[in-house]
1. Please verify whether D457 is touching a strand residue (DSSP E or B) at 6+ places or on another chain (Cβ under 9 Å), touching a residue at least 12 places away in the same chain (Cβ under 8 Å), closer than 30 Å to D48 by Cβ and not β-branched (V, I, T), treating the condition exactly as stated.
2. Within the stretch 207-228, work out how many residues are surrounded by 24 or more Cβ atoms within 10 Å (Cβ to Cβ) and under 22 Å from P462 (Cα atoms).
3. Looking at the stretch 238-270, which of its residues are assigned to a helix (DSSP H, G or I) and in contact with an Asp or Glu (Cβ under 8 Å, 6 or more places away or on another chain)?
4. If you go through the stretch 74-116, how many residues are more than 17 Å from F58 (Cβ to Cβ) and not in a strand (DSSP E or B)?
5. In the stretch 368-472, which strands (runs of 3 or more DSSP E) lie fully inside it and hold 2 or more residues that are crowded, with 22+ Cβ neighbours inside 10 Å and at negative phi?
6. Applying the selection to the stretch 170-190, what residues are out of contact with any Phe, Trp or Tyr (no Cβ under 6 Å at 6 or more places or on another chain) and either assigned by TED's automatic domain parsing to the domain that holds Y224 or not in a loop (DSSP other than H, G, I, E, B) (or both)?
7. Looking only at the stretch 112-147, which residues are under 23 Å from S53 (Cα atoms) and without any contact (Cβ under 8 Å) to a residue 40 or more places away in the chain?
8. Considering each residue of the stretch 246-270, count those that are farther than 11 Å from Y218 by Cα and crowded, with 19+ Cβ neighbours inside 10 Å, and give that number.
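The values are calculated or read from the model by the stated rules, or taken from the named source; none is laboratory data. Please read all numbers here as calculations on a predicted model, not as lab measurements. A quick note on method: Cβ atoms are made from the backbone with ideal geometry, for glycine too, and the neighbour counts reach across all protein chains shown.
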Amino acid sequence: MKLTKKMMAVMIVLCFFGFILSSCGEGVTVVDKVKKAVGIGGGKAEFDHKNYSDMSDFDPDNPVIPTGDTIKIAIVASFSGPAAIVGDIYWMPVQWAAHDINKRGGILVDGKKKLVQVIKADHQSQVPVCKKVAERMVLKEGVHVLWGTNGSHLMKVINQVAAKYKVIAQCTAALSDELYDAQNFTRYSFMSSFSCEQIGRSFAYFYGKKRKKEKKFYILCQDYMFGHSLAAGFKKGLKEYYPDAEIVGEDYHKLFLTDFAPYLEKIKASGAEVIYTGDWVPDAANLLIQARQAGITLPFANVFMNEPNFLHKVGVEGTTGLMNIDQFASKPPTFQTEEYKNFYLSWHNLYKNKWQGKWKNYLWAHGTSTMGSYRQQTYWLLSVIERAGTLDPEKIIEVWEGDTYTMANGHEITMRACDHKAVQDLYISEFGPPELQKKTYNIEPYYWYQGCSSAVDVTEIPANKILPAMDTKLERCQ
């Protein structure tokens, strides 16, 4: 996160009043409390390129998973059911980070070096199963972290279990702001991902302040907490950054829908110029494929419409113009340092030369974007544990609140202390054909994919324009 002039002014004022109040014996406490509440002045760490392991032996079909006295992370996700692929999308990056740390010798906690053990916990996309499996992970497996998940309604359950049994929960992929409001907040859960309001306001800022072209938007999202939150964030952002824009339609569909025809007919008749959606697979794939089959060529402003296998089914022309928001990207070109280039190639070369079976499709080619974020969020978690020097959740909380972490590609992220939400710049990428992808993919062969469009132009949305929603009814944030 970059400090703006306004934030610097606030800091100066805080320091001035800190000096005055310190004369009365209370200044340091007051100033530190305010700075910590807004996430300024906490710890700092960065991805350790210097000690990054040789990952050439990483085999997703035969992972090296230690047992015994370990640091246990349970990935609570859908490893079966209609969204089973999501479990793999989570597992692969987390296991990668664990493999790296384990090859370095593990982490010194509570006076002993311990390796990282990753455990699959299948919630099958069902609330009752999620509660049962999360509790089993804590009570029988003795996990230290519950990592998840696809579905804000399911992350809510994970957070409740974490609070009940006082273990750390890391919210890496459920994006609803309500998870951290006054009613649902728990000290034991940290939202290291971006959130719905940030996403919605980012797109509104992009279309209203940067692109300044399209004005008519159709909202189509999944009918549960996340979908409604994502739409609310966009509508709030339009009022703030693009008051001339018009919502020409708004619909919500059930999860895992197979027939989008009724919604697509309404979109055709609406006069929309952009479709705004947060759909994730399999819904994202079905929506895009059916839209193009119906002759709808409108761009989608999206979060998860970037899975390359279904993008290849649609082809280059049908994926050109997609607008995807990303929390693990950078202003072009992508590979700005040799360290990050080498980090990227450690994954990509394995994909090209060694991985087989289900790991040999387009999804696993790069390990960037969504999976890059999950990988780096996991490294942040492990960095916090390492600096806490213990698996005591209270000590982990103390380190993580207000902490700032610089990821492998230089992306900086800060954990706001009062409500445990991540503050960061975000990036909106316009997808274009292979011959233009060299703008972002600045190493040979100078394109991400040949069979579909991918990131060409990238717009950075500054963190100070899209601070995550804060519920001031939460006493910690007042």
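1. No.
2. So the answer is 1.
3. First, pick out the residues of the stretch 238-270 that are assigned to a helix (DSSP H, G or I): 238-241, 261-270.
Scanning the stretch 238-270 gives Y263, K266.
4. Number of matching residues: 12.
5. 412-416, 421-424, 426-432, 454-461
6. Across the stretch 170-190, the qualifying residues are C171, D177, E178, L179, Y180, S189.
7. Within the stretch 112-147, just K113 meets the criteria.
8. So the count comes out to 2.
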